[in-house]
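Structure, as structure tokens:
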Amino acid sequence: MHFGCKRAVCEVLCRAEQSPLDGLSHDTEEPSTGLQMVDDFCLSCDMVETLRRTAHLLALSTAGAAAAGACLWLLERLADQRTAACRGPRAPLSQQRLVRDVLRALFAPHRALVPAYWALSFASISVASAQVVAGHAWPELLATGPGRAALRAARKLTWGLQASSGVVVVAWWTWSALELKRRVVGHLERSIRSAELRRLVSPASVLFNWVAGGLGLAAALSCFGFDVRPLLTSLGASSIFLGIAAQGLLKNLSAAVTMYTSHVFVVGDTVQLLTTSGASVVEGVVEAVEPWRTTIRVADGSPVFVANSDVIQFLI
């Protein structure tokens, strides 16, 4: 019964000119408009059932958005009450404080994006339902020129609203990850007493921003139908060179962590780097110890930059 109703309504809706968004093939066994939400509404055998299903979906969407907002709001308030003693810039890094910050990292994007997601979902459900209602009520009108134009516009609008809803979800995940990273970085900067170790946090934070932003952009483009696989394939060859470069950076970063934690030398010390055979490589005053390299100023005043991975290989 539902299949027959779906075929009848889909055939009415697909009388408009075919477009890249239309997926109907009259030779297929099961008709399809190319839009999942419209196809679902086509299962309704009359206009009353379509309107009933529309009201049900709109109510679920509204209730879900309200419930999600209320739950996160309540969890944040409970976390604030349990961590009221954890105040100040030097507050201890407790488990309750971490839980509170995780909730806040989720709450900030939720408060901003859930209303947008609800509005887009509400609009897409309404527009998709309106197409099916029109197919039931005025099938002859949709066969005319103005009716076809209106149907094409409604179908493109539905597609755009659904794609935008996907972008909002991607933005929520990306924003939450970046917000959580920001709070974790803040905790690390407050809890790490060594200035040298704190300097390692910033490069790692920037790298995370680039990775999260790149993945978010690729996911957002895919929501609008862009095939990002060719782009990823083209990056495959360059990933070999990027991997080699990243290997060197990670080696230098690991060496910097070793130097910071073992306190081999600090800024202002006079050091001499020797090879295993005892030959002098460089001698001077340590001017800076960065995550990737160490700067030593020699006797004539010129700076010498040595990769951290090389520094730990020399005798000091």
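Restricting to the range 207-222, and then to whatever is modelled with pLDDT of 80 or more and under 30 Å from Glu287 (Cβ atoms), can you tell me which residue is surrounded by the fewest Cβ atoms within 10 Å (Cβ to Cβ)?
If we filter the range 207-222 for residues that are modelled with pLDDT of 80 or more, which is where we start, we get 208-222.
So of that shortlist, the ones also under 30 Å from Glu287 (Cβ atoms) come out as 208-210.
Numbers: Phe208: 16, Asn209: 14, Trp210: 9.
My answer is Trp210.
List every residue pair whose Cβ atoms lie under 7 Å apart, where the two residues are 6 or more positions apart in sequence or sit on different chains, the first residue falls within the range 111-139 and is free of Cβ contacts under 8 Å to residues at least 40 places away in the same chain and not assigned by TED's automatic domain parsing to the domain that holds Arg52, and the second residue, located anywhere, is crowded, with 17+ Cβ neighbours inside 10 Å and in a helix (DSSP H, G or I).
Short answer, once both residue conditions are applied: none.
Residues checked against (1) surrounded by fewer than 16 Cβ atoms within 10 Å (Cβ to Cβ); (2) more than 13 Å from Ala123 (Cα to Cα); (3) assigned by TED's automatic domain parsing to the domain that holds Ser205; (4) acidic (Asp, Glu):
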position: Ala149; (1), (2), (3), (4): yes, yes, yes, no
position: Arg155; (1), (2), (3), (4): no, no, yes, no
position: Thr158; (1), (2), (3), (4): no, no, yes, no
position: Gln162; (1), (2), (3), (4): no, no, yes, no
position: Val167; (1), (2), (3), (4): no, yes, yes, no
position: Trp172; (1), (2), (3), (4): no, yes, yes, no
position: Ala177; (1), (2), (3), (4): no, yes, yes, no
position: Ile192; (1), (2), (3), (4): yes, yes, yes, no
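Six or more apart or on different chains, Cβ under 6 Å: which pairs go from a residue in the range 164-183 that's assigned to a helix (DSSP H, G or I) to one that's surrounded by fewer than 18 Cβ atoms within 10 Å (Cβ to Cβ) and not aliphatic (A, V, I, L, M)? Could you list them?
Between residues of the range 164-183 that are assigned to a helix (DSSP H, G or I) and residues that are surrounded by fewer than 18 Cβ atoms within 10 Å (Cβ to Cβ) and not aliphatic (A, V, I, L, M), the close pairs are Gly166/Cys223; Val167/Cys223; Lys181/Phe208.
Could you say which residue among Thr276, Thr294 is out of contact with any Cys (no Cβ under 6 Å at 6 or more places or on another chain), under 29 Å from Val206 (Cβ atoms) and either not assigned by TED's automatic domain parsing to the domain that holds Pro203 or not in a loop (DSSP other than H, G, I, E, B) (or both)?
Thr294
In the range 289-302, is there at least one residue being modelled with pLDDT of 75 or more, surrounded by 14 or more Cβ atoms within 10 Å (Cβ to Cβ) and over 39 Å from the mean Cα position of the chain (by Cα)?
Scanning the range 289-302 turns up at least one residue that is modelled with pLDDT of 75 or more, surrounded by 14 or more Cβ atoms within 10 Å (Cβ to Cβ) and over 39 Å from the mean Cα position of the chain (by Cα).
Is it true that some residue in the range 289-302 is among the aliphatic types (A, V, I, L, M), in contact with a Gly (Cβ under 6 Å, 6 or more places away or on another chain) and farther than 28 Å from Ile192 by Cα?
Going through the range 289-302, the residues among the aliphatic types (A, V, I, L, M) turn out to be 289, 296, 298-299.
From what's left, in contact with a Gly (Cβ under 6 Å, 6 or more places away or on another chain): 296, 298.
If we keep only those that are farther than 28 Å from Ile192 by Cα as well, we get 298.
Yes.
Can you list the helices (runs of 4 or more DSSP H) found entirely within the range 44-147 that contain at least 2 residues being touching a His at 6+ places or on another chain (Cβ under 8 Å) and at pLDDT 80 or above?
Because the criterion is at least 2 residues that are touching a His at 6+ places or on another chain (Cβ under 8 Å) and at pLDDT 80 or above, the helices (runs of 4 or more DSSP H) in the range 44-147 that meet it are 47-82.
Would it be correct to say that Gly23 is assigned by TED's automatic domain parsing to the domain that holds Leu151, modelled with pLDDT under 60 and among the small types (Gly, Ala, Ser)?
Details: assigned by TED's automatic domain parsing to the domain that holds Leu151: yes; modelled with pLDDT under 60: yes; among the small types (Gly, Ala, Ser): yes.
Answer is yes for this residue.
The values are calculated or read from the model by the stated rules, or taken from the named source; none is laboratory data. What you see is a predicted model; the values in this text were computed from it and never measured. Methodologically, a virtual Cβ is constructed for each residue, glycine included, from the backbone with ideal geometry; neighbour enumeration extends over all protein chains shown.
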